[in-house]
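The values are calculated or read from the model by the stated rules, or taken from the named source; none is laboratory data. Values in this document were obtained by computation on a predicted structure and should not be read as measured data. Cβ: placed from backbone, ideal geometry, glycine included. Neighbour counts: every protein chain shown.
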Amino acid sequence: MVLSACATVPPQSGASQTSSGGNEQAKEKSYPGLDPASDSDPFPSTYQGLPSSIVALVGATVFTGTGSRIDNGTVILDGGKITAIGANLPVPAGAKVVDAHGKFVTPGIIDAHSHLGVYATPEVWANSDGNEATDPNTAQVWAEHSVWPQDPGFIRALEGGITTLEILPGSANLFGGRAVILKNVPGRTVQDMKFPGAPYGLKMACGENPKRVYGSKNRAPSTRMGNIFGYRKAWIEAQDYRRKWDEYHKKLADYKAGKADKAPEAPKRDLQMDTLAGVLDGSILVQNHCYRGDEMAQMIAISHEFGFHISMFHHGSEAYKVADILRKEDICVATWGEWWGFKMESFDGIEENAALLSKAGVCTVIHSDDAILTQHLPQEAAIALAAGRRAGIEIDEAEAIKWVTANPAKAIGVLNQTGTLEPGKMADVVLWSADPFSVYALTEQVYVDGAVVFDRHDPTRQPLSDFELGQAGPAHPGARP
Amino acid sequence: MSRARRFRSDSQNPGALGRAKRGPRGCGVGYPALKYSLLAFAAAISLMGTAQAETIAITHAKIMTLGSAGLIADGSVIVKDGRIAAVGANVSVPAGARIIDAQGHLVTPGVVASNTALGAGEVEGEATSDDFAGATDHLSAAFDVSLGVNPASMLIPVARMGGVTRAVIVPELPGRGDKKGDKLFAGQAAVIDLSGSANSITRRYAALSADASSGAAGRIGGSHASVLQRLEADLDEAASYGANKGGYEHGTHRPYRQSKEDLEALQPILQGKEPLLIEVHRAADIRRVIELGKRLKLKIILDSVEEGWQVAGDIAASGYPVLVDPQTDLPNEFESLNSRMENAGLLSAAGVVVVVKPPYSGDYARQVRYNAGYAVAHGLPWEAGIAAITRNPAQVFGFAEKTGRIEPGLDADLVVWSGDPLEMLTVPLHVLIKGEEQPMISRAQELARRYGALDPAQPPAYRH
């Protein structure tokens, strides 16, 4: 599986344009952008990995992200990929050897729920770009268009071992907009950070937030039943939109084949519908903010009604109440170790949630939703792990590390590229000073695609955002005690 | 910035921003599975109600006393009549004592959650369940949060499961944009124990909560400068009142902005008898608050102080203690641009008494020990990390004669830990408050039990 994943080449930027159908009508006038099928990637990734060399991390305790633990392990990074992993492997000629004895190595940590960039620090009005709270359905907005690459939070997260992020719009709306997957590398533009080939997500929100935000404006939805109506109405429109485009493309093909006299009239393109149709086509993954178990069951019923799949419930405080249903539906759940009780729909949030889900076979994820918590994601997983053990659920650390690596990778659609330490995968790797589930663990080195993007002991490998340049505090991490 | 960090993130209140907050383990750490025995739970609950505290001997313990006895590698703590009767390597176990064999595990004083809403609010998103923000135009400095404390709060057992035995409830100013007042004083802090018993107030008037943050500046419509001027003017008014109470009764005083109750509440502050807990963030503001405190001879506790490390020498020289949340390392506000994880360690190294606090909301109280751990990870010595959540808050908030150390005569607030208390993978094995062992169960464990193994013949609602 992994080797085949290795052969998967991320789509080249612009590839979709060359395969678009417009060229045959070269003599006719062209109106680019009117047909959603003509360019599925209008903001293509310009990510390029930093220069890397052959690296051998030698002697570490390795959590592979596949459920295994390797003592005295060696991990070889070459050409931006993991090329070998195992105990006591030979070190290739020319490799830079990193002595990792007494230390720990994990896959790069993945935060599947982040608002970095869209709710950047400092928390001022100007940086508040996460919620287009002007309509309950804003499936047409894309989080990447709000991302400020200079958010200092990205670099703090990097220091915490985060190598991949899903940046979501906020949860004010039933449909918040498109989520984007980023590699956590400093970039001048958001395109410089975009994870090549990653699918988009669609942020949806259940429960209190949409009904509060719009109810307080004296408009729909103001109740949970109003929420459900809003979802269904939108999916009906989206199915109709798909049908119209399918019919148009069929008629256009007939016309080009000489089977029809008249070129068909194209439907009007609708960016909101493009996103929803992308979900119905299976190319965009539903990321659904939803706390209560009973509401998850409602959302699942809607997904059956309209024929799509929910990739993950986010926050999921009550997921343990419906773990069997989630397992059956193959829906991941992202939650916290111990956040709970801040509103009614999180009042039944328990520390044992993740362990109960994991025990039930649910794809379990620990996420942050927060610029500070994202810096400590394995520790947050440790809280959930300890609560599970206290409740008699034995889960080992090699399994629990999947909550912040392989499982979020699966839920956001990048497991074929990252999330585990397996030959052929992107060399997104963290070297920890101690067991990553320890409160004392610090990242020593963070690799993205084989390049050192953060090194606690090398000031030349410590990025600094423009905003923090010239300030006294965090500006010189190398000088930190 | 508001002390409260009411809504932490988009998931909680879209559109409103909040910083979040958040929290190896000893080799061979055991995780005793909870036995979900209803009988045991009921028995434990009934035990809590009894006034007769049993005599308990915690034996074979590694004891971190935080007192003159220091660290005892292998010793016992004797608990009698709710208090610590003896502690040491060679103390004898009284006849009839119930023995808790610590099997070499660490025993510390109970953890203190400082600067929390715990006990004065249930669900922060539901204003009707909040009792921590009560200041009004006529009841500001005088607002006494202790009168609204609910010992039966459902949040208390959850915090207790994390080893928290006392909480310093600090009121905050109302105003989530909707109830803006023009006050700087949020009211009187109170210390409670987490036994859940009716008499759980340890101390009223533990400190007066004041706000000198940009949030306060916004509230009174001015700048950081006007906050400091206003603070001094309010105190000056109280001094005038104190010097001429007869004039107040006869109506011959100058016009006062504050109510009689508030002016009265400021007297112990002016006399240096009660500390003024001031939320302040920026290095320059910290210096000015210190200058004000020294000039008026006030007893001050500096709260938040993200940029404190930049003026650590000034703070140390002032003798004022600090409350810090070690995880706040982002430039969240223009008054906290130089936030960093090393703050607690650098302040401690400069000689400042450091109290580590959890995030404000009561559901976060149990995180305080992880916060101390993060401070240790970034330079605070481990012993100082433990002191920052035990001895130091007891000293700073005036209940050191009750708890905070393991010494004879103090209340027996004790925790036996499965490992290092600052580690996430460590759990409390035994929690004692005022000599009574607490049931290791909360509503959360009951929910876990109810849904942990589904049974179609017995739906969850019938399992309790």
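Give the residue that is surrounded by the fewest Cβ atoms within 10 Å (Cβ to Cβ), with candidates limited to residues of the stretch B:300-340 that are within 20 Å of the chain's Cα centre (by Cα) and more than 25 Å from B:GLN188 (Cα to Cα).
Here the answer is B:THR328.
Any chance the stretch B:138-156 includes a residue that's within 14 Å of chain A (Cβ to nearest Cβ), at pLDDT 95 or above and surrounded by fewer than 24 Cβ atoms within 10 Å (Cβ to Cβ)?
Going residue by residue through the stretch B:138-156, those that are within 14 Å of chain A (Cβ to nearest Cβ) are B:153-156.
If we keep only those that are at pLDDT 95 or above too, we end up with B:153-156.
Retained after the next criterion (residues that are surrounded by fewer than 24 Cβ atoms within 10 Å (Cβ to Cβ)): B:153-154.
There is at least one residue in the stretch B:138-156 that is within 14 Å of chain A (Cβ to nearest Cβ), at pLDDT 95 or above and surrounded by fewer than 24 Cβ atoms within 10 Å (Cβ to Cβ).
Which one of these is among the aliphatic types (A, V, I, L, M), over 17 Å from the mean Cα position of the chain (by Cα) and within 7 Å of another protein chain (Cβ to nearest Cβ): A:ILE300, A:ILE325, A:ILE350?
Numbers: A:ILE300 fails: within 7 Å of another protein chain (Cβ to nearest Cβ); A:ILE325 fails: within 7 Å of another protein chain (Cβ to nearest Cβ).
Going through A:ILE300, A:ILE325, A:ILE350 in turn, the sole match is A:ILE350.
Quick one: which of B:VAL368, B:VAL431 is under 15 Å from the mean Cα position of the chain (by Cα) and at pLDDT 95 or above? Before the answer, list the steps.
Numbers: B:VAL431 fails: under 15 Å from the mean Cα position of the chain (by Cα).
Just one listed residue meets the conditions, B:VAL368.
Tally up the residues in the stretch B:207-225 that are closer than 20 Å to B:ILE290 by Cα and surrounded by 15 or more Cβ atoms within 10 Å (Cβ to Cβ), please. Before you say what the answer is, go through the steps one by one.
Here is the first cut: in the stretch B:207-225, the residues closer than 20 Å to B:ILE290 by Cα are B:207-217, B:223-225.
Still in the list and also surrounded by 15 or more Cβ atoms within 10 Å (Cβ to Cβ): B:207-217, B:224.
So the answer is 12.
Sort out which residues of the stretch B:329-365 are of a type outside the set (Gly, Ala, Ser) and at the interface with another protein chain (Cβ under 7 Å from one of its Cβ atoms), and write them in order of number. Even if it seems obvious, please write down each step before you answer.
Applying the first criterion (of a type outside the set (Gly, Ala, Ser)) to the stretch B:329-365 yields B:329-335, B:337-338, B:340-343, B:346-347, B:352-360, B:363-364.
If the condition is that a residue be of a type outside the set (Gly, Ala, Ser) and at the interface with another protein chain (Cβ under 7 Å from one of its Cβ atoms), then B:ASP329, B:LEU330, B:PRO331, B:ASN332, B:GLU333, B:PHE334, B:LEU337, B:ASN338, B:ARG340, B:GLU342, B:ASP363 are the ones that fit.
What do you reckon, is B:ARG288 in a loop (DSSP other than H, G, I, E, B), away from chain A (no Cβ under 14 Å), farther than 29 Å from B:LEU422 by Cβ and not hydrophobic (A, V, I, L, M, F, W, C)?
Numbers: in a loop (DSSP other than H, G, I, E, B): no; away from chain A (no Cβ under 14 Å): yes; farther than 29 Å from B:LEU422 by Cβ: yes; not hydrophobic (A, V, I, L, M, F, W, C): yes.
No; evaluated as a whole, the condition is false for this residue.
Pick out the one residue from A:GLY341, A:GLY337, A:GLY316 that is over 23 Å from the mean Cα position of the chain (by Cα), under 29 Å from B:SER361 (Cβ atoms), small (Gly, Ala, Ser) and surrounded by 22 or more Cβ atoms within 10 Å (Cβ to Cβ).
Details: A:GLY337 fails: over 23 Å from the mean Cα position of the chain (by Cα); A:GLY316 fails: over 23 Å from the mean Cα position of the chain (by Cα).
From the options A:GLY341, A:GLY337, A:GLY316, the qualifying one is A:GLY341.
With respect to B:ALA400, is the statement that it is part of a helix (DSSP H, G or I) and either more than 14 Å from every other protein chain (Cβ to nearest Cβ) or in contact with a strand residue (DSSP E or B) (Cβ under 9 Å, 6 or more places away or on another chain) (or both) true? Even if it seems obvious, please write down each step before you answer.
Numbers: part of a helix (DSSP H, G or I): no; either more than 14 Å from every other protein chain (Cβ to nearest Cβ) or in contact with a strand residue (DSSP E or B) (Cβ under 9 Å, 6 or more places away or on another chain) (or both): yes.
So B:ALA400 does not fit the description; no.
Which numbered condition trips up B:ILE169, out of (1) crowded, with 24+ Cβ neighbours inside 10 Å; (2) within 14 Å of another protein chain (Cβ to nearest Cβ); (3) not hydroxyl-bearing (Ser, Thr, Tyr)?
The number of the failed condition is (2).
Using the structure shown, decide if B:ALA394 is within 14 Å of chain A (Cβ to nearest Cβ), closer than 17 Å to B:ALA167 by Cα and crowded, with 24+ Cβ neighbours inside 10 Å. First the steps, then the outcome.
Working: within 14 Å of chain A (Cβ to nearest Cβ): no; closer than 17 Å to B:ALA167 by Cα: yes; crowded, with 24+ Cβ neighbours inside 10 Å: yes.
For B:ALA394, the condition - within 14 Å of chain A (Cβ to nearest Cβ), closer than 17 Å to B:ALA167 by Cα and crowded, with 24+ Cβ neighbours inside 10 Å - is not met.
Would you mind finding the one in A:GLY187, A:GLY215 that is more than 20 Å from A:SER38 (Cα to Cα), modelled with pLDDT of 95 or more, within 14 Å of another protein chain (Cβ to nearest Cβ) and surrounded by fewer than 22 Cβ atoms within 10 Å (Cβ to Cβ)? Outline the logic, then answer.
Numbers: A:GLY187 fails: within 14 Å of another protein chain (Cβ to nearest Cβ).
Only one candidate passes the filter, namely A:GLY215.
So B:LEU277 passes all but one of these: (1) part of a loop (DSSP other than H, G, I, E, B); (2) more than 9 Å from chain A (Cβ to nearest Cβ); (3) of a type outside the set (S, T, N, Q); (4) surrounded by 24 or more Cβ atoms within 10 Å (Cβ to Cβ). Which condition number does it fail?
(1)
Restricting to the stretch A:317-342, name every residue that is touching a Lys or Arg at 6+ places or on another chain (Cβ under 9 Å) and assigned to a loop (DSSP other than H, G, I, E, B).
Across the stretch A:317-342, the qualifying residues are A:SER317, A:GLU318, A:TRP336, A:GLY337, A:GLU338, A:TRP339, A:PHE342.
Against the definition (buried (at least 16 other Cβ atoms within 10 Å of the Cβ), more than 27 Å from A:ALA266 (Cα to Cα) and not aliphatic (A, V, I, L, M)), how does A:ASN209 come out, yes or no?
Details: buried (at least 16 other Cβ atoms within 10 Å of the Cβ): yes; more than 27 Å from A:ALA266 (Cα to Cα): yes; not aliphatic (A, V, I, L, M): yes.
Yes: the conditions hold for A:ASN209.
Any residue at all in the stretch B:347-363 that's in the same structural domain as B:ARG166 (by TED's automatic domain parsing), part of a helix (DSSP H, G or I) and under 16 Å from B:VAL168 (Cα atoms)?
Of the stretch B:347-363, the ones in the same structural domain as B:ARG166 (by TED's automatic domain parsing) are B:347-363.
With the extra rule that they be part of a helix (DSSP H, G or I), the set shrinks to B:347-349, B:362-363.
Still in the running and under 16 Å from B:VAL168 (Cα atoms): B:362-363.
Yes - at least one qualifying residue is present in the stretch B:347-363.
With B:ASN343, B:ASN371 as the choices, which residue is touching an Asp or Glu at 6+ places or on another chain (Cβ under 7 Å) and either in the same structural domain as B:GLY88 (by TED's automatic domain parsing) or under 30 Å from B:SER223 (Cα atoms) (or both)?
On the way: B:ASN371 fails: either in the same structural domain as B:GLY88 (by TED's automatic domain parsing) or under 30 Å from B:SER223 (Cα atoms) (or both).
Sole residue among the options that is touching an Asp or Glu at 6+ places or on another chain (Cβ under 7 Å) and either in the same structural domain as B:GLY88 (by TED's automatic domain parsing) or under 30 Å from B:SER223 (Cα atoms) (or both): B:ASN343.
Within the group A:THR121, A:THR74, A:THR134, A:THR106, which residue is hydroxyl-bearing (Ser, Thr, Tyr), under 30 Å from A:GLN287 (Cα atoms) and not in a loop (DSSP other than H, G, I, E, B)? Step through it out loud before you land on a result.
Details: A:THR121 fails: not in a loop (DSSP other than H, G, I, E, B); A:THR74 fails: under 30 Å from A:GLN287 (Cα atoms); A:THR134 fails: not in a loop (DSSP other than H, G, I, E, B).
Exactly one of A:THR121, A:THR74, A:THR134, A:THR106 is hydroxyl-bearing (Ser, Thr, Tyr), under 30 Å from A:GLN287 (Cα atoms) and not in a loop (DSSP other than H, G, I, E, B), namely A:THR106.
If we scan the stretch A:61-79, do we find a residue that is buried (at least 22 other Cβ atoms within 10 Å of the Cβ), modelled with pLDDT of 95 or more, closer than 29 Å to A:HIS367 by Cα and among the aromatic types (Phe, Trp, Tyr)? I'd like the intermediate steps shown before the answer.
Restricting attention to the stretch A:61-79, the residues satisfying the condition of being buried (at least 22 other Cβ atoms within 10 Å of the Cβ) are A:61-65, A:73-77.
Filter again for modelled with pLDDT of 95 or more, leaving A:61-65, A:73-77.
Adding the requirement that they be closer than 29 Å to A:HIS367 by Cα leaves A:61-65, A:73-77.
Imposing the further condition that a residue be among the aromatic types (Phe, Trp, Tyr) reduces the set to A:63.
Scanning the stretch A:61-79 turns up at least one residue that is buried (at least 22 other Cβ atoms within 10 Å of the Cβ), modelled with pLDDT of 95 or more, closer than 29 Å to A:HIS367 by Cα and among the aromatic types (Phe, Trp, Tyr).
Quick test for you: out of B:ASP455, B:ASP411, pick the one residue that is in contact with a strand residue (DSSP E or B) (Cβ under 9 Å, 6 or more places away or on another chain) and either of a type in the set (A, V, I, L, M) or over 17 Å from A:GLU351 (Cβ atoms) (or both).
Details: B:ASP455 fails: in contact with a strand residue (DSSP E or B) (Cβ under 9 Å, 6 or more places away or on another chain).
The unique qualifying residue is B:ASP411.
Looking at A:ALA205, A:ALA257, A:ALA220, A:ALA253, which is the one that is aliphatic (A, V, I, L, M) and either modelled with pLDDT under 95 or in contact with a helix residue (DSSP H, G or I) (Cβ under 7 Å, 6 or more places away or on another chain) (or both)?
Details: A:ALA205 fails: either modelled with pLDDT under 95 or in contact with a helix residue (DSSP H, G or I) (Cβ under 7 Å, 6 or more places away or on another chain) (or both); A:ALA257 fails: either modelled with pLDDT under 95 or in contact with a helix residue (DSSP H, G or I) (Cβ under 7 Å, 6 or more places away or on another chain) (or both); A:ALA253 fails: either modelled with pLDDT under 95 or in contact with a helix residue (DSSP H, G or I) (Cβ under 7 Å, 6 or more places away or on another chain) (or both).
Of the residues listed, the single one that is aliphatic (A, V, I, L, M) and either modelled with pLDDT under 95 or in contact with a helix residue (DSSP H, G or I) (Cβ under 7 Å, 6 or more places away or on another chain) (or both) is A:ALA220.
Tell me, which residue of the stretch A:353-382 that is touching a Ser or Thr at 6+ places or on another chain (Cβ under 9 Å) and in a loop (DSSP other than H, G, I, E, B) is farthest from the other protein chains (Cβ to nearest Cβ)?
Only one residue tops the list, namely A:HIS367.
Residues in the stretch B:379-393 that are in contact with a Pro (Cβ under 9 Å, 6 or more places away or on another chain) and charged (D, E, K, R): how many?
1
When residues of the stretch B:328-346 are filtered for being of a type in the set (A, V, I, L, M, F, W, C) and not in a helix (DSSP H, G or I), how many remain?
If we filter the stretch B:328-346 for residues that are of a type in the set (A, V, I, L, M, F, W, C), which is where we start, we get B:330, B:334, B:337, B:341, B:344, B:346.
Checking which are not in a helix (DSSP H, G or I) leaves us with B:330, B:334, B:337, B:341.
Total satisfying the criteria: 4.
Given the structure, is A:LEU385 within 14 Å of chain B (Cβ to nearest Cβ), within 17 Å of the chain's Cα centre (by Cα), crowded, with 24+ Cβ neighbours inside 10 Å and assigned to a helix (DSSP H, G or I)? Reasoning before the result, please.
Values: within 14 Å of chain B (Cβ to nearest Cβ): yes; within 17 Å of the chain's Cα centre (by Cα): no; crowded, with 24+ Cβ neighbours inside 10 Å: yes; assigned to a helix (DSSP H, G or I): yes.
So A:LEU385 fails the test.
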